[in-house]
C-alpha cells in the first residue's frame, strides 16, 4: 500500500465522490480512480460501492478507514521528526483562530514570529471554537487559538493551555429600552432579542447555560460569530449581548448583568500525540512568553 493510494482512499471516503475527491487532491478524476483500483487490487477486495453520483464504503472500506488514517499520520509525524532534527524553523504552520483573537490578541505576536522566523509561512484560518477543535482533531490545522470549554473535561487526545481571560459584560445601545430598567432580570433579557455567536460556539454555550439554569430560553434570531459585527448590531439598538469588557466604548451602554458572572478562557489547543513542527514549537514559545 503506497501513501498516495491511501490519501486518495481517504479523500473519496470523506467526499463520498470521486470527482469531489479529485478536486480536493488537485488531481484528475481518472488519476483518483486509478489509485483506488490499484489499492483494491492490492487488497483483493472492493472498498467502495459505486452509485449513480456518489459512493459509499463497503465493509472492507470501513475496516480500512481508521488504519489508513493511522498510517498516514505516522508517516507525516515521522517525516516531521526527521525535518525537525535540522533545527530550522521553516515550512508552513497551519493555525486556526477566531476573528476576535486574530484582531485583538495576535497581531503583535505574529509580527514577532514572522520577524524572528522569516523562513516560516503562516496559513491562518478563521473559524468558531467548535470548528477549531474539530480541525485540530482532524489534523487540518496544527494549532488552534480559540475559546476554551472550561466546563467540560479536557479530551484525552488534546493539549489545552489557557492564555488569556475575557471578562464578559452585558451591553445594549444607550437608547435601548433595557437601559431604562432599574433592576434588570434574566427574564427581562430573555424576552428581548439577543445578538450572540452561533449556538455551536463555546461563547454562546457559556451564556445559554446561565439562562438554562434559571429555566429560561434565549431569543437569538440573528447569530453571527464576528464580535465586531455583534457590537455594531447592538450599538444600533437591534438587541443586547455579552461582549468582552475590552470592547466597551461610548457606543454601548453597560447593563447590570443579573446572572452569574461570565468569562471566557482563550487559549491554545493541539493534539498531544502529534509531532509538532519547529514552527509550531516556536510560536508556542512566543505565546507563553507574552
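The values are calculated or read from the model by the stated rules, or taken from the named source; none is laboratory data. Small disclaimer: the values here were computed from a predicted structure and weren't measured. As a convention, Cβ positions derive from the backbone with ideal geometry for all residues, glycine included, and neighbour counts pool all protein chains shown.
A few notes on this one:
- Search result, residues across segment 259-279 that are under 17 Å from residue 171 (Cβ atoms) and assigned to a strand (DSSP E or B): 263, 264
- Identification of helices (runs of 4 or more DSSP H) wholly contained in segment 94-159 with 3 or more residues that are surrounded by 20 or more Cβ atoms within 10 Å (Cβ to Cβ) and outside the structural domain of residue 210 (by TED's automatic domain parsing) yields 129-137.
- Enumerated helices (runs of 4 or more DSSP H) restricted to segment 1-81, each holding at least 1 residues that are at pLDDT below 90 and out of contact with any helix residue (DSSP H, G or I) (no Cβ under 7 Å at 6 or more places or on another chain): 3-15
- Filtering segment 186-216 to residues that are part of a loop (DSSP other than H, G, I, E, B) and more than 26 Å from the chain's Cα centre (by Cα) leaves 191, 192, 193, 214, 215, 216.
- The residues in segment 193-230 that are in contact with a strand residue (DSSP E or B) (Cβ under 8 Å, 6 or more places away or on another chain) and either exposed (fewer than 15 other Cβ atoms within 10 Å of the Cβ) or without any contact (Cβ under 8 Å) to a residue 24 or more places away in the chain (or both) can be counted, and the count is 1.
- Residue among 278, 290 that alone is more than 21 Å from the chain's Cα centre (by Cα), surrounded by fewer than 19 Cβ atoms within 10 Å (Cβ to Cβ) and either modelled with pLDDT of 95 or more or closer than 30 Å to residue 141 by Cα (or both): 290
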